[in-house]
Every structure is written in C-alpha cells, then in structure tokens.
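**Student:** Structure in structure tokens, see below.
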Amino acid sequence: QVQLAEFGGGLVQPGGSLRLSCAASGRILKMHDMAWYRQAPGKQRDMVARITSSGVTNYSDSVKGRFTSSRDDAKNTIYLQMNNLKPADTAVYYCYADVEHSAMGTLRSYWGQGTQVTVSS
C-alpha cells in the first residue's frame, strides 16, 4: 500500500506563486510516471503536468510556461511550481503516481487526497 500526501495549497492572489509537493510513502520499489491533476467544481479531472521516471515532463496548454514539475526520487516526492497564477487555476489539485512494488514490474496507480488552490483577489 502507498499513500500520497499533498501539501502547499492555499489562497493566493492572481500573479502569485505556490509550490505543491506530493510525498509518497509505503512499500515502494520504484516510482514511475507521476502527475498532477486538477478538478474544479462541476468539471472533469484533467492532467496539468506529468513527469516520467527519467524526468521528462509535459504540460497542458493552459499551464505551459507557468507551471514546472520536478521530482526528487530520494524523497519519493514530486513538486509543482506554479507561477503567474490565474483565477482559472482555482481547483483541487491531486497527485497521481504509478508505483512499482516488486521486481516483477507490476505497476499500481495511486491518488492523493487533493489540496485546494484558490486564486482570487
């Protein structure tokens, strides 16, 4: 079993910045692809950033140039640096991880509990 814990959400003014972190704990052999999703009320949960085990990232068009994802495998942690935040970024942000538990290579997927990000003046 793996737990994902997100931190760093809060209230910020437009143009401000926040850094989210997601720390995985439990029985982990290797962290594979990890990602950040967000979901606003009444809307679908969408991926905003993804980072592979080798550090390759991709972003949704709405956040390109403003958000940066990174990872620290020694800490089983990923980060999402969010700059120039806009009201449209307001959502619950969720951490996602594909986790390898054994040398067999089987992956299991996990979600964090979510952290609220509110961008408002």
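**Student:** Along Cα→Cβ, 7 Å out, is where each label goes; now give me the distance between the ones at SER54 and LEU107 in nm to one decimal.
**Tutor:** Each label point lies 7 Å from its Cα, and together they span 1.3 nm.
**Student:** For MET104, MET47, write out the residues from largest to smallest accessible area, computed with a 1.4 angstrom probe and no ligands counted.
**Tutor:** Working: MET104 170, MET47 55 Å².
Accessible-area ranking of MET104, MET47, largest first: MET104, MET47.
**Student:** A follow-up question, please. Below 18 Å, Cα to Cα, which lysines can LYS43 reach? Residues fewer than 8 away in the same chain don't count.
**Tutor:** LYS86
**Student:** Roughly speaking, what is the stretch gain from LEU11 to ALA74, that is 0.36 nm per residue apart minus the C-alpha to C-alpha distance, in nm to one decimal?
**Tutor:** Roughly 19.7 nm would be gained on extension.
**Student:** Positive end of the charge dipole of the chain (Lys, Arg +1 and Asp, Glu -1 on Cβ, about the Cα centre): tell me which of GLY15, THR57, MET82 has its Cα farthest that way.
**Tutor:** Selected residue: GLY15.
**Student:** How far, in nm, would the chain grow between SER62 and LEU29 when pulled straight, counting 0.36 nm per residue and subtracting the alpha carbon separation? Kindly include the intermediate steps, with their values, before the conclusion.
**Tutor:** Working: separation 33, 0.36 × 33 = 11.88 nm, distance 3.33 nm.
Taking SER62 through LEU29 to full extension adds about 8.5 nm, to one decimal.
**Student:** How do ASP61, ASP46, ASP33 rank by accessible surface area computed with a 1.4 Å probe, from largest to smallest? Spell out each step's value before the answer.
**Tutor:** Details: ASP61 125, ASP46 75, ASP33 40 Å².
The ranking, largest first, comes out as ASP61, ASP46, ASP33.
**Student:** With a ≥ b ≥ c taken as the square roots of the eigenvalues of the C-alpha gyration tensor of the range 51-121, please select rounded if a/c is under 1.5 and otherwise prolate if a/b is larger than b/c or oblate if it is not? Before the final figure, lay out the partial values.
**Tutor:** Values: a/c = 2.65, a/b = 1.91, b/c = 1.39.
It comes out prolate by the Cα gyration axes.
**Student:** With +1 assigned to the C-beta of every Lys and Arg and -1 to the C-beta of every Asp and Glu, and no other charges, what is the dipole magnitude of the range 29-121 about the Cα centre in debye, to the nearest 20? Provide the component values of the computation, followed by the final result.
**Tutor:** Working: 11 positive and 8 negative charges, 39 e Å.
Dipole size: approximately 180 debye.
**Student:** Could you grab the relative contact order for the range 5-121? Cα pairs under 8 Å, six or more apart, rounded to a whole percent.
**Tutor:** Computed over the range 5-121, the figure is 36 percent.
**Student:** For the chain, report the accessible area per residue in Å² (1.4 Å probe, heavy atoms, rounded to an integer). Provide the component values of the computation, followed by the final result.
**Tutor:** Values: 6330 Å² over 121 residues.
The answer is 52 Å² per residue.
**Student:** Taking the alpha-carbon distance from LYS64 and a cut-off under 17 Å, which aspartates and glutamates remain once sequence neighbours fewer than 8 residues away in the same chain are dropped?
**Tutor:** Filter leaves ASP46, ASP89.
**Student:** With θ set to phi - 60°, apply the Karplus curve 6.51 cos²θ - 1.76 cosθ + 1.60 along the range 112-121 and write out the HN-Hα couplings as whole Hz, x wherever there is a Gly or Pro.
**Tutor:** x, 7, x, 9, 7, 10, 10, 10, 7, 8
**Student:** In straight Cα distance, which lysines are under 24 Å from LYS30, not counting same-chain residues fewer than 8 positions off?
**Tutor:** LYS75
**Student:** Given a 1.4 angstrom probe, I'd like the percentage of the accessible area of the chain that is carbon and sulfur, rounded to a whole number. Provide the component values of the computation, followed by the final result.
**Tutor:** Values: 3040 of 6330 Å².
Reported share for carbon and sulfur atoms: 48 percent.
The values are calculated or read from the model by the stated rules, or taken from the named source; none is laboratory data. Since the model is a prediction, treat every value here as computed from it, not as a measurement. Glycine also receives a Cβ, built like all others from the backbone with ideal geometry; neighbour counts cover every protein chain displayed. All accessible areas refer to the heavy atoms of the entire protein, side chains included, with ligands and DNA or RNA removed. Shrake-Rupley method; radii C 1.70, N 1.55, O 1.52, S 1.80 Å.
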